[in-house]
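The values are calculated or read from the model by the stated rules, or taken from the named source; none is laboratory data. All values reported here derive from a predicted model rather than from experimental measurement. As a convention, Cβ positions derive from the backbone with ideal geometry for all residues, glycine included, and neighbour counts pool all protein chains shown. Keep in mind that these areas ignore ligands, DNA and RNA; they rest on the heavy atoms of the full protein, side chains included. Shrake-Rupley method; radii C 1.70, N 1.55, O 1.52, S 1.80 Å.
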Amino acid sequence: MVYDLVIVGGGPAGASAAIFAGRAGLRTAVVDDGTSMALKAVVNNHLGLPDGVDGPDFLALGRRHAVTAGAEWIETQTTSLAVADDVVTLGTADGQALQARDVLLTQGTNTALAEEAGITVEAGREPWIKSVMTVDAEGRTSAPNVWAAGTVGGTSVHTIIVAGDGARVAVNLISARRGARHVDHDKLDDPVG
């Protein structure tokens with residue numbers, strides 16, 4: 001089986017991207033090793049959470065939302081990435097070989113997988129961020145069919161920013177695959193009377 005999209009990293013950027021991809025009908029999997037930086041966070045500055053939330057609960061909400069939207073959640077570490085003939089193959093610590101038409105890397109501050117695959121990285125701009133992947137305006141990396149979002153794609157580490165970037169890159173990816181701009185908006189029914 002070849003997924004439409006495999007997202008590496010289940011933090012705010014990855015879960016947000018998975019929500020958009022799942023709702024768009026893409027066969028989507030999230031490979032999450034459970035090491036998101038948000039695990040240690042207390043999130044008091046995220047829109048829609050006026051009472052704040054601790055990191056583990058925040059991540060659990062993101063996972064639940066992504067799965068409800070149709071994404072598959074795979075708990076393991078991604079150990080390798082290879083691109084050949086418009087298919088990206090990801091090796092995992094538990095011996096799986098996942099294939100996808102597109103891969104979205106959302107691994108926080110970890111660029112090791114990308115570097116081992118020959119993907120171009122550059123110096124990070126924020127304190128404590130050693131390197132990030134070099135991406136174009138849409139979120140594409142130097143490898144075909146490999147995208148990056150969130151901190152590893154060069155954004156600020158704040159949960160609301162990386163979540164938004166995950167959604168932004170997912171919309172760009174979906175739009176590129178479909179050849180037309182993807183929009184995902186639901187609206188309330190018109191009021192009666």
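Tabulated data for the structure shown
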{"item": "Which listed residue is open to solvent by less than 70 Å² (accessible area, probe 1.4 Å), in a loop (DSSP other than H, G, I, E, B) and not aromatic (Phe, Trp, Tyr), from ASP184, ASP190, ASP165", "result": "ASP184"}
{"item": "Options ALA60, ALA13, ALA18; residue that is farther than 18 Å from ALA97 by Cα and surrounded by fewer than 16 Cβ atoms within 10 Å (Cβ to Cβ)", "result": "ALA60"}
{"item": "Filtered residue count, the range 156-193, keeping only those that are touching a strand residue (DSSP E or B) at 6+ places or on another chain (Cβ under 7 Å) and more than 17 Å from GLU138 (Cβ to Cβ)", "result": "1"}
{"item": "LEU26 vs. criteria hydrophobic (A, V, I, L, M, F, W, C), touching a residue at least 12 places away in the same chain (Cβ under 8 Å), out of contact with any Cys (no Cβ under 9 Å at 6 or more places or on another chain) and part of a loop (DSSP other than H, G, I, E, B)", "result": "yes"}
{"item": "Pair list, Cβ < 9 Å and 6+ apart or interchain, from the range 6-18 residues that are more than 11 Å from LEU59 (Cα to Cα) to residues that are aromatic (Phe, Trp, Tyr) and not in a loop (DSSP other than H, G, I, E, B)", "result": "ALA17/TRP147; ALA18/TRP73"}
{"item": "Which numbered condition ILE161 fails, given (1) within 14 Å of the chain's Cα centre (by Cα); (2) farther than 30 Å from GLY52 by Cα", "result": "(2)"}
{"item": "Index of the failed condition, ASN110 passing every other in (1) over 25 Å from ILE129 (Cα atoms); (2) surrounded by fewer than 21 Cβ atoms within 10 Å (Cβ to Cβ)", "result": "(1)"}
{"item": "Odd one out for ARG177 among (1) more than 15 Å from VAL6 (Cβ to Cβ); (2) open to solvent by 70 Å² or more (accessible area, probe 1.4 Å)", "result": "(1)"}
{"item": "Test for THR79: is it open to solvent by 60 Å² or more (accessible area, probe 1.4 Å), touching a residue at least 12 places away in the same chain (Cβ under 8 Å) and of a type outside the set (Phe, Trp, Tyr)", "result": "yes"}
{"item": "Members of the range 83-136 that are over 22 Å from GLY34 (Cβ atoms), in a strand (DSSP E or B) and either basic (Lys, Arg) or in contact with a Phe, Trp or Tyr (Cβ under 8 Å, 6 or more places away or on another chain) (or both)", "result": "GLN99, ARG101, ASP102"}
{"item": "Unmet requirement for ASP86, which otherwise passes all of (1) surrounded by fewer than 18 Cβ atoms within 10 Å (Cβ to Cβ); (2) in contact with a helix residue (DSSP H, G or I) (Cβ under 7 Å, 6 or more places away or on another chain)", "result": "(2)"}
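This table checks each residue for (1) in contact with a strand residue (DSSP E or B) (Cβ under 9 Å, 6 or more places away or on another chain); (2) under 19 Å from ASP102 (Cα atoms); (3) surrounded by fewer than 17 Cβ atoms within 10 Å (Cβ to Cβ).
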| residue | (1), (2), (3) |
| --- | --- |
| ALA123 | yes, no, yes |
| TRP128 | no, no, yes |
| VAL135 | yes, yes, no |
| ARG140 | yes, yes, no |
| ALA149 | yes, yes, no |
